[in-house]
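Structure first, then comments.
The values are calculated or read from the model by the stated rules, or taken from the named source; none is laboratory data. Because the structure is predicted, anything quoted here is derived from the model rather than measured. Positions of Cβ are backbone-derived with ideal geometry, glycine not excepted, and every protein chain shown enters the neighbour counts. Heads up: the accessible areas ignore ligands, DNA and RNA and are worked out on the full protein's heavy atoms, side chains in. Shrake-Rupley method; radii C 1.70, N 1.55, O 1.52, S 1.80 Å.
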Amino acid sequence: MKPMAHLGVGIGWRPEIADAVDRLDGLDWVEVVAENICPGHLPEALRRLRERGTRIVPHGVSLGLGGADRPDPEKLAALGERAVALGAPLVTEHIAFVRTSSPLLEAGHLLPVPRTRDALDVLCENVRIAQDALPVPLALENIAALFSWPGEEMTEGQFLTELVERTGVRLLIDVANLHTNRVNRGEDPAAVLDAIPLEALAYVHVAGGVERDGVWHDTHAHPVPPVVLDLLAELRSRVEPAGVLLERDDDFPPEAELAGELAAIREVVRAGRTAAQAGPRPSAPKAAPQPETGAQAEAGAQAEAGAQAEAGAQPKTGAGGQAGEGARTRVALGQAALLSALVAGTPVPEGFDRARIRVQARALAAKRADVVAKVAPELPGILGGRTPYRTAFLAYAKHRPMTAGYRRDALDFAEHLLIQDLPADPAARRRLTAWWRERAGARPPRRIVRWARTLVGRAA
């Protein structure tokens, strides 16, 4: 694996802080949420950064490489297109699942995959598919989680190490997520850092959060706490990362506060460099394997399968290094049962911490309400403000899981209210009707007929 190009210290670019980012002194690079930009119509602020030579890395959130289904070719093409448009040295995504196809459900959030052989086989094949489709290297991020899967077979460190060994993928280590998992799942961040192949490190994320009732919420809306900077120092004592990035996604602070957090990150990186210079030089790290070609993967899988057959063992994966369909089916069933409990109110699967699942379900509904309000900011105004909007949306979300994106969800929510002859104020209802008609476009007959029949029934 080639050494990662130096990135330096950067920040997550968001439209709300675009002007502040433009003025930050000493900023080396930025990361953008890939799904939030259009390659042919980049925001002027991003174009200025690129013209100045600031590196820009697209960070995907919707591939769901840990899901039971193979990656969507259109999503992969879109991510690659953004990498090319930005001149990015790599793209990043997450070790997570975000949807199920049977039943069709969207989490609207990054959910943890079980650390099992089945899930690892599926993830590795999905990563190889993505690597083959993308024009630049891929790095994957460890995620924060509120709960653990029952029956896990590996630790976080073992899972990440085998992922790198089998695919050659790089790692994006989020030290704030390591802290989240320490609080929520009792995992030791130092043990994870000791176990994973840090020579595969692409860069590092740093972010803030908050603890409520013994649960750490990775909000990206609070200042970076000292405990997370301490974990950055722990990582820095082991390796000098090519890049460190500050994430902030909401409740944006004044520019001076952002600059102060970046300065604190630089100090940790600089202090680690000074300590390394004063101490003995570390031995050269073992190189992680390069991603194999299709022919190499097939030959390797056949050799491994032959050796296992001689030993009386079953091959880990299907032919050609692919996950067997049985593994995909088992992963699909587990993820569908969990996601249904989280967003559709079905019973919590056996073995999960029911209290934690309830916390996660409430968090998903609240996030869904917040994001819909962002993509359709007119809705809170039509419904009389933030509080009545949230009350109505959360009541709707209990019985209507999201099956497409947030914009579709906003339209479905508005239709749901209108079918019930809401809001009660006639003027507000007229405004909501006009808003819905302007955006709905062509509708499937089933929904139009249902609404028409409801209206006819009222008139009668």
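Efficiency by 1/(1 + (r/R0)^6): what FRET value for E267 and A363, r their Cβ-Cβ distance, R0 = 56 Å, to the nearest 0.05? It would help to have the intermediate numbers written out before the result.
Working: r = 33 Å, r/R0 = 0.58.
For R0 = 56 Å, the calculated efficiency reads 0.95.
Each 10 Å bin from zero holds the following percent of Cα-Cα pairs in the chain: 4, 18, 28, 26, 15, 6, 2, 0, 0.
Based on C-alpha pairs under 8 angstrom that are at least 6 apart in sequence, the range 14-77 has a relative contact order of 34 percent. Hydrodynamic analysis of the range 35-76 uses the Kirkwood radius over alpha carbon pairs. Inserted into Stokes-Einstein at 25 °C and 0.890 mPa s, it gives a translational diffusion coefficient of 197 µm²/s. Kindly list the residues of the range 154-189 that lie in the label zone of A355, defined by a backbone N under 18 Å from the point 7 Å along the Cα-to-C-beta vector. Only 181-187 fall inside the zone, counting backbone N under 18 Å. Note on the range 123-261: Rg/Rh from C-alpha atoms, Kirkwood Rh, equals 0.98. Using a probe radius of 1.4 angstrom, the carbon and sulfur fraction of the accessible surface of the chain is 55%. Relative to the longest principal axis of the Cα atoms of the chain, the long axis of helix 255-278 lies at roughly 20 degrees.
Mind checking the per residue accessible area of the range 1-159 for me, 1.4 Å probe, whole number of Å²?
So the range 1-159 comes to 38 Å² accessible per residue, rounded to a whole number.
Against the chain, whose longest principal axis is taken from its Cα atoms, helix 175-185 shows a tilt of about 70°. Relative contact order of the range 45-196: 22 percent, from C-alpha pairs under 8 Å at least 6 residues apart in sequence. Between R52 and A133, the simple spin-label model (points 7 angstrom out along Cα→Cβ) gives 3.4 nm. Round to the nearest 10 and give me the degree value, 0 to 90, for the angle of helix 117-133's Cα axis relative to the longest principal axis of the chain. With both axes taken from Cα atoms, the answer is about 90 degrees. Database remark: amide H of L201 closer than 5 angstrom to the amide H of L171 (H placed geometrically; neighbours at sequence offset of 5 or more, or on other chains; Pro and chain starts carry no H). Annotation: per residue accessible area for the range 164-227 equals 31 Å², rounded to a whole number [probe 1.4 Å, protein chains only]. Sort the range 379-423 into rounded, prolate or oblate with this rule: let a ≥ b ≥ c be the square roots of the eigenvalues of the Cα gyration tensor; rounded if a/c is under 1.5, and if a/c is not under 1.5, prolate when a/b is larger than b/c, oblate otherwise. Prolate.
Order the peptides 142-148, 83-89, 3-9 from the highest to the lowest mean number of other Cβ atoms within 10 Å of their residues.
142-148, 83-89, 3-9
Find the relative contact order for the chain and round it to a whole percent, using C-alpha pairs within less than 8 Å whose residues are 6+ positions apart. Reported relative contact order: 15 percent. Around the amide H of E31, modelled in the peptide plane, lie the amide H atoms of I11, G12, W13, V57, all under 5 Å away and 5 or more residues distant in sequence or on another chain.
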